[in-house]
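K.L.:
Here it is, the structure in full.
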Amino acid sequence: MRLEPIQLADCEKVGTGVQRPEDVVVSRDGRVWLSDQASACAEVLADGSLARVGAAGGAPNGINMDRAGRIVIANYGHGFGRGPLQRLDPATGAIEILAEHIDGRTLVTCNYPIIDSQDRIWCTHSTWGGEDFGADSPRDGLVFRVDPDGSVHKLAEGLDFANGCALDQSETHLYVCETVGCDVQRFPIAPDGSLGRPERYGPKLGFAAHEVQHLRPLPLETRSQLGLTDGCGFDAAGNLWVTLVMANKVVAITPAGEVVTMLSDPAGRVMKAPTNVTWGGPDLCDLYIGSVRSDYVVKVRSPIPGMPLVHQR
């Protein structure tokens, strides 16, 4: 399976009318759900219309599905006063809180959840403050985990704006996008579920925002080289696809550490501020790309199927 770049002309817009569709999750039976600030999640129906479900408040951000078909929502807050980890029952619209405090502090920017084969939920929390993407960013991002018994465990701190995350097929490592660092950090997972010392996975993926501050307003050529990472996900061949949100670009880091540009739209004609990648369809080759600046998500055929997530196996 080869990483053949995707042509922008092959992309289509899906779910038009959704509000802040940062992420997509596709169920085992092919139902497509988008995070939706106007509800909790919105299902894209066969005729292209939306069926909104729930009322999460704040800003539903990264979403994933457990093996029972419930949708786990990392809520980014946005004026909500809090940004908890939630779970939506799509059949009833009921919302439950899975985690809203850690070490006595109210969570304010839960960003992305991923569920493992033991039904544990790993989640990033971006920052306790604002979105400071400068050289003096607070480096206060963290990773926590919620176990099936409801216990919450803080696992890592000091990340430079913790964003999307992914587990590899063997679940031996957790990969976390570090937005301000313009990279992906890889944490080894110990048998007891703790995280070891991280290392950068692949290279720095482009300019940091503060490195080109003096060039503002940025020309498109410079903007397309910004490396701020947002979301990530594995394909079936072990390539880690990463969205570069300010460059309007999706790249893939191969197991050998090579970086391949998979899709680029510097002017944002179709793909604007890409945030997450999700695979679905009968062959897991339907690629969906979320956004925080569009009222739709991008759908396109992927040259390699996605790695099945726990709810798709």
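K.L.:
Among the residues of segment 182-216, what is the count of those that are touching a helix residue (DSSP H, G or I) at 6+ places or on another chain (Cβ under 7 Å) and surrounded by 13 or more Cβ atoms within 10 Å (Cβ to Cβ)? So that I can check it myself, show each step before the final result.
P.N.:
Here is the first cut: in segment 182-216, the residues touching a helix residue (DSSP H, G or I) at 6+ places or on another chain (Cβ under 7 Å) are 212, 215.
Checking the rest, the ones that are also surrounded by 13 or more Cβ atoms within 10 Å (Cβ to Cβ) come to 212.
Adding up the residues that qualify gives 1.
K.L.:
What's the number of the only condition in (1) within 22 Å of PRO138 (Cβ to Cβ); (2) at pLDDT 95 or above; (3) not in a loop (DSSP other than H, G, I, E, B); (4) not basic (Lys, Arg) that GLN213 fails to meet?
P.N.:
In the conditions (1) within 22 Å of PRO138 (Cβ to Cβ); (2) at pLDDT 95 or above; (3) not in a loop (DSSP other than H, G, I, E, B); (4) not basic (Lys, Arg), GLN213 misses (2) alone.
K.L.:
Right, here's the next one. For segment 37-92, which positions are free of Cβ contacts under 8 Å to residues at least 40 places away in the same chain, under 20 Å from TRP279 (Cα atoms) and basic (Lys, Arg)?
P.N.:
Passing the criteria: only ARG70.
K.L.:
Moving on. Among (1) within 25 Å of ARG105 (Cα to Cα); (2) of a type in the set (A, V, I, L, M); (3) within 17 Å of the chain's Cα centre (by Cα), there is one condition VAL152 misses while meeting the rest; what is its number?
P.N.:
Result: VAL152 passes all but (3).
K.L.:
Name the residue that is nearest to the chain's Cα centre (by Cα), counting only residues in segment 104-119 that are crowded, with 19+ Cβ neighbours inside 10 Å and assigned to a strand (DSSP E or B). Before you say what the answer is, go through the steps one by one.
P.N.:
First, the residues of segment 104-119 that are crowded, with 19+ Cβ neighbours inside 10 Å: 107-115.
Checking the rest, the ones that are also assigned to a strand (DSSP E or B) come to 110-115.
Details: CYS110: 11, ASN111: 8, TYR112: 6, PRO113: 8, ILE114: 9, ILE115: 13 Å.
Checking each candidate, the answer is TYR112.
K.L.:
Right, here's the next one. Just a yes or no: is a residue in segment 53-65 in contact with a helix residue (DSSP H, G or I) (Cβ under 9 Å, 6 or more places away or on another chain) and at pLDDT 95 or above?
P.N.:
Of segment 53-65, the ones in contact with a helix residue (DSSP H, G or I) (Cβ under 9 Å, 6 or more places away or on another chain) are 64-65.
Filter again for at pLDDT 95 or above, leaving 64-65.
Yes, segment 53-65 contains at least one residue that is in contact with a helix residue (DSSP H, G or I) (Cβ under 9 Å, 6 or more places away or on another chain) and at pLDDT 95 or above.
K.L.:
Okay, moving on. Look through ASP149, ASP132, ASP136 and report the one residue that is modelled with pLDDT of 95 or more, in a loop (DSSP other than H, G, I, E, B), more than 23 Å from GLY57 (Cβ to Cβ) and of a type outside the set (Val, Ile, Thr). Walk me through it before giving the result.
P.N.:
Values: ASP132 fails: modelled with pLDDT of 95 or more; ASP136 fails: modelled with pLDDT of 95 or more.
Of the residues listed, the single one that is modelled with pLDDT of 95 or more, in a loop (DSSP other than H, G, I, E, B), more than 23 Å from GLY57 (Cβ to Cβ) and of a type outside the set (Val, Ile, Thr) is ASP149.
K.L.:
Specify the residue that is nearest to GLY57 (Cα to Cα); the eligible residues are those in segment 87-103 that are aliphatic (A, V, I, L, M) and outside any loop (DSSP other than H, G, I, E, B).
P.N.:
Pass one, segment 87-103, residues aliphatic (A, V, I, L, M): 88, 91, 94-95, 97-99, 102.
Still in the running and outside any loop (DSSP other than H, G, I, E, B): 88, 95, 97-99, 102.
On the way: LEU88: 12, ILE95: 10, ILE97: 12, LEU98: 15, ALA99: 15, ILE102: 20 Å.
Per the stated criteria, the residue is ILE95.
K.L.:
Considering each of ASN61, ASN75 in turn, give the residue that is surrounded by 14 or more Cβ atoms within 10 Å (Cβ to Cβ), within 16 Å of the chain's Cα centre (by Cα) and more than 28 Å from ARG301 (Cβ to Cβ).
P.N.:
ASN75
K.L.:
Answer yes or no: is there a residue in segment 185-198 that is assigned to a loop (DSSP other than H, G, I, E, B), at pLDDT 95 or above and within 16 Å of TYR76 (Cα to Cα).
P.N.:
Of the residues in segment 185-198, the ones assigned to a loop (DSSP other than H, G, I, E, B) are 190-194, 196-198.
Those still in the list that are at pLDDT 95 or above too: 190-194, 196-198.
When the remaining residues are screened for being within 16 Å of TYR76 (Cα to Cα), the result is none.
No, segment 185-198 contains no residue that is assigned to a loop (DSSP other than H, G, I, E, B), at pLDDT 95 or above and within 16 Å of TYR76 (Cα to Cα).
K.L.:
Of all residues in segment 57-96, which are touching a strand residue (DSSP E or B) at 6+ places or on another chain (Cβ under 6 Å) and of a type in the set (A, V, I, L, M, F, W, C)? Don't jump to the end; show me each part of the working.
P.N.:
Of all residues in segment 57-96, those touching a strand residue (DSSP E or B) at 6+ places or on another chain (Cβ under 6 Å) come to 58, 60-66, 70-76, 82-88, 90, 93, 95-96.
ILE63, MET65, ILE71, VAL72, ILE73, ALA74, LEU85, LEU88, ILE95, listed by residue number.
K.L.:
Which one is surrounded by the most Cβ atoms within 10 Å (Cβ to Cβ), of the residues in segment 272-286 that are in contact with a strand residue (DSSP E or B) (Cβ under 8 Å, 6 or more places away or on another chain) and not in a strand (DSSP E or B)? I'd like the intermediate steps shown before the answer.
P.N.:
First, the residues of segment 272-286 that are in contact with a strand residue (DSSP E or B) (Cβ under 8 Å, 6 or more places away or on another chain): 272-281, 284-286.
Imposing the further condition that a residue be not in a strand (DSSP E or B) reduces the set to 272-273, 281, 284-285.
Details: LYS272: 18, ALA273: 18, GLY281: 17, LEU284: 20, CYS285: 17.
Within segment 272-286, the match that is surrounded by the most Cβ atoms within 10 Å (Cβ to Cβ) is LEU284.
K.L.:
Does any residue in segment 188-215 that is touching a residue at least 24 places away in the same chain (Cβ under 8 Å) and closer than 25 Å to ARG145 by Cα come within less than 6 Å, Cβ to Cβ, of a residue that is charged (D, E, K, R) and surrounded by 13 or more Cβ atoms within 10 Å (Cβ to Cβ) six or more places away or on a different chain, and which pairs are these?
P.N.:
TYR201/ARG186
K.L.:
Tell me which residues, restricted to segment 251-271, are in contact (Cβ under 8 Å) with a residue 60 or more places away in the chain, assigned to a strand (DSSP E or B) and hydrophobic (A, V, I, L, M, F, W, C). Working first, answer last.
P.N.:
Restricting attention to segment 251-271, the residues satisfying the condition of being in contact (Cβ under 8 Å) with a residue 60 or more places away in the chain are 252-254, 260-265, 269-271.
Checking which are assigned to a strand (DSSP E or B) leaves us with 252-253, 260-264.
ALA252, ILE253, VAL260, MET262, LEU263 - these are the residues of segment 251-271 that are in contact (Cβ under 8 Å) with a residue 60 or more places away in the chain, assigned to a strand (DSSP E or B) and hydrophobic (A, V, I, L, M, F, W, C).
K.L.:
Moving on to the next point. Which of the following residues is of a type in the set (Ser, Thr, Tyr) and closer than 19 Å to GLN37 by Cβ: SER137, SER126?
P.N.:
Working: SER137 fails: closer than 19 Å to GLN37 by Cβ.
Just one listed residue meets the conditions, SER126.
K.L.:
Being touching a Leu at 6+ places or on another chain (Cβ under 6 Å) and farther than 25 Å from ALA162 by Cβ is the filter; apply it to segment 236-266 and report the residue that is surrounded by the fewest Cβ atoms within 10 Å (Cβ to Cβ).
P.N.:
Here the residue is PRO266.
The values are calculated or read from the model by the stated rules, or taken from the named source; none is laboratory data. In this text, all values refer to a predicted model and were calculated from it rather than measured experimentally. Glycine gets a Cβ as well: all are built from the backbone with ideal geometry, and neighbour counts include every protein chain shown.
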